[in-house]
Structures are given as C-alpha cells and as structure tokens.
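Working notes for the structure below.
Here, each number is a calculation from the coordinates, and none is a lab measurement. Computed from a predicted model, the values in this text were never measured in an experiment. As a convention, Cβ positions derive from the backbone with ideal geometry for all residues, glycine included, and neighbour counts pool all protein chains shown.
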C-alpha cells in the first residue's frame, strides 16, 4: 500500500512538473496589428494630379489571445504616391470643436475631409461597441482634427489633433502621429482595448475652375506601389508594426 501511494505521488508530481514546464514555455501575449488599404479611383495607373480617396483599415488583436493592450500612440507613414493639399481647404481646430462641446457644425463648410468607425472593448464591463469618427482639415493644413463619439457603454465626445509632418528623402512623403487621449484609453474605471479602426479620407473643391483634391496622385513608385508603415505603442511597454503597399 505504501509503495502504491509512493507511485501515485510520484506520478502526480511528474504531471505537475510537466504542467509548470508547459506554462513556462507558453509564449506571452503580444499585440499584432494588420493594415489593409484601398485607393480610389480604381483606374490603374492613376493619372498624376487626380484627386484620391484613401480607405485605411487597421485591425488589432492579441496573439495568443488574452492580452488586453491599450493603444496609446499610432504613427502612420505614407509613401510618395500622393501629395497632401491641406493648405487649399478650409480648416477647423480642436480648440474650436471643444469649445462647441463637439458640435460638428461649428467647423467651416468644406473642412471635413473624412469619416470612420472605431471598435473596441470596455474591459471592466465586457462590452464591445463602436464609435463614430469625423475627420477635419487642421489649421493651415498642417494637421488633422479628429472627433470621436461613443454612446455605449458611456457617452464620450473626444476631440484631438494629429500633426502632419512632411518628410524629405526616402520612401515616405509624410507621417501622421496620433496620441490617443486618456478618455479613449479608459472607461468606467477599466481599460479600452481597440479592435478595429476604419477610416476614409479624401475631399475635393473647385479652385479657379479646377477640381482639387485633399490628396492628389503624385509619382507612383514603380516597384509594388506606394508604401504605408504603421508604428503602434501600447501600455505594458508593448509595441507593434505593420506594412503594406497600395497599388497606384
């Protein structure tokens, strides 16, 4: 009987060691970001100076599942297939929208350059919901202003600004840097985990009899199209990158 107990105890101990070793070898969750994009018009190649519309989709997930990563900063670098004409369009400022308590009609006609949807999960209550994103041309065309409205699980109306930095040399023409405001990182005393961002940007107006675009086609790179690079920073010291090329 004593020998039987010894064998059973030894077997249980061995199984426990295997379980601990397996847990130790399991990879820790990390954020993974995937981007896809489409450019209109659909004609290829797109003639130079034609106004463009960009649809950019960014998907966030944890690999393996279980990591609740909070997006704090997003940086997008855009290739030389397009130029930005923000200076040609009316503009609105984050301060003006905040003063109007997020009332979108406070921005001048023609300053809206895009729209979108963001989807995320409120960890503390386990609710997944989407919010409406509206994009405006920032002061002097040197930034974009974003207004994000969430209704469920709590009402949030957040306005923030993302500067546009023009780059010289290399494969990228400009970058857009967004710092996620605190009210979009936590809600109801819990973290907000972003799952998806779908944003469409592009606008036109007639100037001196010619239709001009917020984006206009430039010289499309010959090898594979115009590059887009994303660099994303999260809480817990985590980060992720994503790359794609848009056929132009």
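A few remarks follow.
- A Gaussian network model of the chain, with springs between Cα atoms under 10 Å, assigns the largest mean-square fluctuation among 193, 117, 125 to 125.
- Spread over its residues, the convex hull of the C-alpha atoms of the chain is 166 Å³ per residue.
- Protection proxy ranking of 146-155, 96-105 - average other beta-carbon atoms within 10 Å, highest first: 146-155, 96-105
- Shape descriptor for the range 25-103: Rg over Rh equals 1.11 (Cα atoms; Rh from the Kirkwood inverse mean 1/r).
- Taken along the Cα-to-beta-carbon direction at a fixed 7 Å, the label points for residue 210 and residue 235 span 5.0 nm.
- With both labels modelled 7 Å from their Cα along Cα-to-Cβ, the residue 151 to residue 103 distance reads 2.0 nm.
- For the chain, the longest principal axis of the Cα atoms and the long axis of helix 2-25 meet at an angle of about 10 degrees.
- Segments 164-172, 44-52 sorted - mean Cβ within 10 Å per residue, highest first: 44-52, 164-172
- Residue separation of residue 167 and residue 117 scaled by 0.36 nm, minus their Cα-Cα distance, works out to 15.2 nm of gained length.
- Over the range 169-222, volume per residue of the alpha carbon convex hull, in Å³: 181
- Whole-Å distance, taken between Cα centres, linking the range 50-108 and the range 25-42: 17
- Only helices enter this figure: runs of n ≥ 4 DSSP H residues, each worth -39500 (n - 2.57), summed and divided by the residues of the chain, yield -4000 deg cm²/dmol at 222 nm to the nearest 500.
- When you restrict to C-alpha pairs under 8 Å that are six or more residues apart and normalise by the size of the chain, the relative contact order lands at 29 percent.
- Volume per residue of the C-alpha convex hull in the range 140-248, rounded to whole Å³: 160
- Gained length - residue 34 relative to residue 245, 0.36 nm times residue gap less alpha-carbon distance: 74.7 nm
- Spin-label model, residue 59 to residue 183: label points 7 Å out along the Cα-to-beta-carbon direction sit 3.1 nm apart.
- Semi-axes of the equivalent ellipsoid for the range 63-201, computed as √(5λ) from the eigenvalues of its C-alpha gyration tensor and ordered from largest down, come to 27, 20, 11 Å.
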